[in-house]
Amino acid sequence: MKSSLGKRIKALRKKLFRKTEDNFFRPRNRFITVGRHTYGIRKNTIIGATEKSPVSIGHFCSIGGNVQILAHVGHPVDLPSTYPFRSLVFRHTKNQTPAPGHLNHDSVTRGPIHIGHDVWVGHNALILSGVTIGIGAVIGAGAVVTRDIPPYAIAVGSPARVIRHRFDPAAISALLKSEWWELPDAALEKIDSCLYARDIPAFLDAVVRQRANPGGQ
Ligand SMILES: CC(C)(COP(=O)(O)OP(=O)(O)OC[C@H]1O[C@@H](n2cnc3c(N)ncnc32)[C@H](O)[C@@H]1OP(=O)(O)O)[C@@H](O)C(=O)NCCC(=O)NCCS
């Protein structure tokens with residue numbers, strides 16, 4: 001009885017630990033950078049980051065389940081065939097190692113992917129290469145992001161289109177200028193009540209106060 005309970009606790013611990021680890025997975029690829037406290041990146045969230053298509057994700061981002069960021073994994077559409085002959089068929093290249101960071105000899109990309117700080121990417125979204133998602137943006141569930149999304153915009157659909165902004169232009173520019181995401185965790189904790197209130201001016205004042213007097217009230 002005792003040992004079966006012990007086994008169950010052990011299995012539960014293992015499950016929880018794996019979940020935590022998975023949620024804060026940090027890819028070991030020098031072409032991927034992930035900011036502090038960003039969560040939801042899993043082993044196959046970012047595919048094919050290379051020197052031509054590095055992926056950077058800012059601080060405090062929430063990445064939904066099943067999100068895929070497709071970096072350097074395109075096929076050329078302007079050649080006679082889209083098939084990766086040099087990677088899979090031709091003997092002179094098949095056994096050669098592709099250039100560092102590249103998945104194979106054939107993949108193409110539209111360039112780097114940048115995801116700013118405090119971005120929320122909804123479940124099942126797809127982010128294609130060459131796009132920048134601005135600070136504070138929201139990407140709706142199932143969206144396909146093919147073009148840049150401005151800061152604090154909410155974009156949905158395929159291709160993703162901006163339906164509105166989270167705040168008015170003055171508030172957006174003040175939030176961007178504040179760079180609140182650079183405050184240390186302890187300073188953010190001090191202004192917890194402002195982080196959870198719908199009052200941007202009060203939040204910005206609190207950020208300024210924390211900058212001037214870190215850890216103060
Ligand atoms: C984008 C989102 C945040 C809602 O934003 P919102 O500004 O409050 O949007 P609304 O609900 O007011 O909807 C506005 C319009 O966009 C449409 N819309 C909302 N979300 C959409 C989506 N994901 N895809 C397509 N259209 C969407 C609505 O149907 C509505 O259209 P209408 O004006 O023609 O009726 C939300 O719909 C969403 O996708 N959340 C992600 C949830 C998720 O993935 N959670 C788990 C991951 S952590």
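All of the numbers you see were taken from the coordinates with simple rules; none came from a lab. The shown structure was predicted, so the numbers you read here are calculated from the model rather than taken from an experiment. Cβ placement follows ideal geometry from the backbone for every residue including glycine, while neighbour counts extend to all protein chains displayed.
Observations on the model:
- Given the chain, longest segment not containing exposed loop GluC sites (Glu not before Pro) (DSSP; at most 15 other Cβ within 10 Å): 52-178
- Set of aspartates and glutamates with alpha-carbon distance to Lys94 below 18 Å, sequence-local pairs under 8 removed: Asp106
- The chain: C-alpha pair distances exceeding 24 Å, %: 55 percent
- Footprinting exposure proxy for Asp106, Asp78, Asp205 (fewest neighbouring C-beta atoms within 10 Å first): Asp78, Asp205, Asp106
- If only the Cβ of Lys and Arg carry +1 and only the Cβ of Asp and Glu carry -1, the dipole of the chain around its Cα centre is close to 1320 debye.
- For Phe167, Phe31, Phe90, order by how many other beta-carbon atoms lie within 10 Å, fewest first: Phe90, Phe167, Phe31
- Computed Kirkwood radius, in angstrom, where 1/r is averaged over Cα pairs of segment 167-217: 11.0 Å
- Under the membrane-span-like helix rule (DSSP H runs whose alpha carbons stretch at least 27 Å along the helix axis, mean Kyte-Doolittle hydropathy 0.5 or higher), the chain yields none.
- Ascending count of other beta-carbon atoms within 10 Å, so fewest first, for Lys94, Lys177: Lys177, Lys94
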